[in-house]
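Here the structure comes first, spelled out in structure tokens, and everything after it is commentary.
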Amino acid sequence: MRILFLGNNWVGWQVMRWLREQNEQIIGIVLHPLHKRRYGDEIIRSAQIKPVHIFNGAQLRQPEVLQAIKALNPDIGLSVLFDYLLPPEFIEIFPSGIINLHPSYLPYNRGNYPNVWSIVEGTPSGVTLHYIDEGVDTGDIIAQKEVLVEPIDTGETLYRKLERESVRLFQEIWPLIKARRAPRIPQSNEAGTYHRTRDVESIDKIELDHTYTARDLINILRARTFPPYSGAYFIDHGRKVYLRLQLLYEEDVRGAEK
């Protein structure tokens, strides 16, 4: 299959590297602009393609960019932690569609920061491969795996779990996709949850005079513990004070005390 790859972050790099190890045909890549790009250099090195076939993900609505991608004659698009909504005229280019690797257990936590909201809202956590449609993470599901949220997980540790499981799921299911035998399981339009990037602002400020259950407060603080990102805070005498949690099982504490 002639693959156009849209990717970012460590997972994007690992998937690209694995595809190259399988001798898959990467005809072009789409990356975030430089200010949003993560592991872009690694993805480019792994892709081993001409600079002219590297596209800016913020420009996918421009006619000349669409025409250049169409001229590559791609069969399928692969989106891995790609953060731009794809326009219909772009989706229509691919005879076998565009498949997205999303770090949530759809239909829960469509959109951004699924690692945060699984902890805060107690929704299932996992990873999903699905077809892209005109919505946000609403396309038919190909395969998914649930990931356990442990009591000691933070936003960071859960994110790392989801990264590793995302790569495993892709490697396991890719042969079905390549053989054009991947299933299509429609998502319910009524089920699930959705969050935008800025939604975390509604939980980040801890109001010192408000009442929280211990569980809810701990879940907010641990969900937003992800150094070096700032996370949750309270304001005292006009100054922000940021909070991070360290969580340990009893046996780990006792082991450290010996």
For Pro186, state whether it is in contact with a strand residue (DSSP E or B) (Cβ under 9 Å, 6 or more places away or on another chain), in contact (Cβ under 8 Å) with a residue 60 or more places away in the chain, not assigned by TED's automatic domain parsing to the domain that holds Thr225 and not hydroxyl-bearing (Ser, Thr, Tyr). no
Give the number of residues within the stretch 173-213 that are within 15 Å of Ala223 (Cα to Cα), of a type in the set (Val, Ile, Thr) and either modelled with pLDDT of 95 or more or in a loop (DSSP other than H, G, I, E, B) (or both). 3
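May I ask you to list the residues in the stretch 61-86 that are more than 20 Å from His195 (Cβ to Cβ) and within 19 Å of the chain's Cα centre (by Cα)? It would help to see each step written out before you state the result.
Of all residues in the stretch 61-86, those more than 20 Å from His195 (Cβ to Cβ) come to 61-78.
Scanning the stretch 61-86 gives Gly77, Leu78.
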Pair list, Cβ under 7 Å, 6 or more apart: the stretch 106-123 residue within 13 Å of Asp216 (Cα to Cα), other residue among the hydroxyl-bearing types (Ser, Thr, Tyr) and outside any helix (DSSP H, G or I): Trp117/Thr123; Trp117/Thr193; Ser118/Ser125; Glu121/Thr193
Taking the residues in the stretch 3-53 that are free of Cβ contacts under 8 Å to residues at least 60 places away in the same chain and of a type in the set (Phe, Trp, Tyr) as candidates, determine which candidate is farthest from Ile132 (Cα to Cα). Tyr39
Residues that are buried (at least 18 other Cβ atoms within 10 Å of the Cβ) and in a helix (DSSP H, G or I), drawn from the stretch 48-72: Gly57, Leu66, Ile69
Can you tell me which residue among Ile44, Ile54 is assigned by TED's automatic domain parsing to the domain that holds His130, closer than 18 Å to Ile93 by Cβ and out of contact with any Pro (no Cβ under 7 Å at 6 or more places or on another chain)? Ile54
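The values are calculated or read from the model by the stated rules, or taken from the named source; none is laboratory data. Model, not experiment: these values are computed from the prediction. Backbone-built Cβ (ideal geometry, glycine too); neighbour counts: all protein chains shown.
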